[in-house]
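We did not get these values from a lab; they are worked out from the coordinates using the rules stated. Model, not experiment: these values are computed from the prediction. Note that we place each Cβ from the backbone using ideal geometry, even for glycine, and neighbour counts take in every protein chain shown.
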């Protein structure tokens, strides 16, 4: 029979057509999974993999217990190992039952896969399932990649999840079951057309099949073509992305604008996904794309969700977590420097003023008696450091020149003397002072959370 021949071809493609292989067969006792199990059993002994039947009693219908009992008897009669689990009723959620049941089911398959050392899990999804999923996603809207549908073979917990019946129509499987006298159970909930999938299954797919009997094959063909195009796009992104990224993995606006307009949004999407680990929808990307290209707004920040923001400055686009609040420092009167003590001045910085250098990178600094007491505080817009030639440089300009990200600049701290004069922009630059005018030399030192040594300081 053509079905059996093509089925063998599917197993051969997955390299499972061998008695040296072991497969877990997901069986619900519906017609599709009973056909899958029967096809496997009817393979020639020299090609048949070792079979382990896996069944989940979801306890969602009255006949669930009857189905589980039937499968036990069937496996005993055919000497098939059976792994069966109940989904406890008290574990059923009040909403999203279908998604929760699927998660429980696949978690169970993964457990059986691990404990038995099997090579693959086989499920009985078929062409109608594929078309239903395609139409549901098409109706809901979303990303083009979502329309590629279920893969015949995909990775699953280090092994394979294979759907060898995916090329076959439901009618073909039912005809096979009737011809071979198989016993199966009908899920009565499949007739409930208030459920979206059932409505598509019972009404939409049959109508489209009347319009064109080759509808299912056309869906499969479109999905294969779409997958090929998406693969080509991914390869193009691999080539384009390095040409627009800086050494610190930000985006260069100048380089980005040189990319063909058609590719700019896919490049932005790929870059954001790589940087954040999230998938971003195209409809959201379009306004962000316009914002990046807006020459009237060369700097700024754009919140893109509850966790991330785009930052534009100096011809560079970066994506950063939302600015976290720095842990509040102690009240001002308690922010005074404790000589020879490390002090936590922000959530990520620990600094100190010492009479002897605590680390090899500690910076000597001349101190006058009138400087005491010294204090730590956040920098202010008017703050400036003294330069060696007698001039001054604003703290704001130092942070810009050292290319400190916009989101990090407000977090910078300064060390000031009793008169409020800035002596040290912590972690970035020390104010110049003639050693001949000082009575004492102290050592400025900084530790960050990721460092065990003091940071280098710049004059």
Highest mean packing first, using Cβ neighbours within 10 angstrom, the peptides 95-102, 69-76, 348-355 sort as 348-355, 69-76, 95-102
A correct Stokes-Einstein calculation for the range 332-448, using the alpha-carbon Kirkwood radius, 25 °C and 0.890 mPa s, returns a whole-number D in µm² s⁻¹ of 169
Calculated Rg and Dmax of the range 120-193 using C-alpha coordinates, Å: 14.7, 43
Added length on full extension, which subtracts the Cα-Cα distance from 0.36 nm per residue, residue 388 to residue 73: 104.2 nm
Taking a crude spin-label model, label points 7 Å out from Cα along the C-beta direction, the residue 303 to residue 46 distance in nm is 6.9
Expressed as a fraction of 2.2 N^0.38 Å, the rule-of-thumb size for a compact globular protein of N residues, what is the C-alpha radius of gyration of the range 241-321? 0.98
FRET efficiency for residue 193 and residue 100, using Cβ-Cβ distance with R0 set to 22 Å, rounded to 0.05: 0.50
What is the ratio of the Cα radius of gyration of the range 243-393 to 2.2 N^0.38 Å, where N is its residue count, to two decimals? 1.48
Beta bridges by DSSP in the chain, antiparallel share as percent, to the nearest 5: 75
(i) 0.94; (ii) 0.98; (iii) 1.47: which one is Cα Rg over 2.2 N^0.38 Å as calculated from this entry? (iii)
From Cα pairs below 8 angstrom and at least 6 apart in sequence, can you work out the relative contact order of the range 2-211, rounded to a whole percent? 24
Of the listed peptides 158-166, 16-24, what is their order by residue-averaged count of other C-beta atoms within 10 Å, with the highest listed first? 158-166, 16-24
Given the Cα-Cα distance of residue 218 and residue 60 and 0.36 nm per residue of separation, how much length would full extension add, in nm? 53.4 nm
Defining a contact as two alpha carbons under 8 Å apart and six or more residues distant in sequence, what relative contact order in percent does the chain show? 10
Treating each Cα of the range 2-211 as an identical point scatterer and ignoring solvent, apply the Debye formula and state log10 I(q)/I(0) at q = 0.11, 0.15 Å⁻¹. -0.54, -1.07
Normalising by the residue count of the range 241-321, find the relative contact order in percent from Cα pairs under 8 Å and 6+ residues apart. 27
If packing is taken as the mean number of other Cβ atoms within 10 Å per residue, what is the order of 408-415, 384-391, 27-34, highest first? 27-34, 408-415, 384-391
Just how many % of Cα pairs in the range 164-318 lie over 29 Å apart, if you round to the nearest whole percent? 47
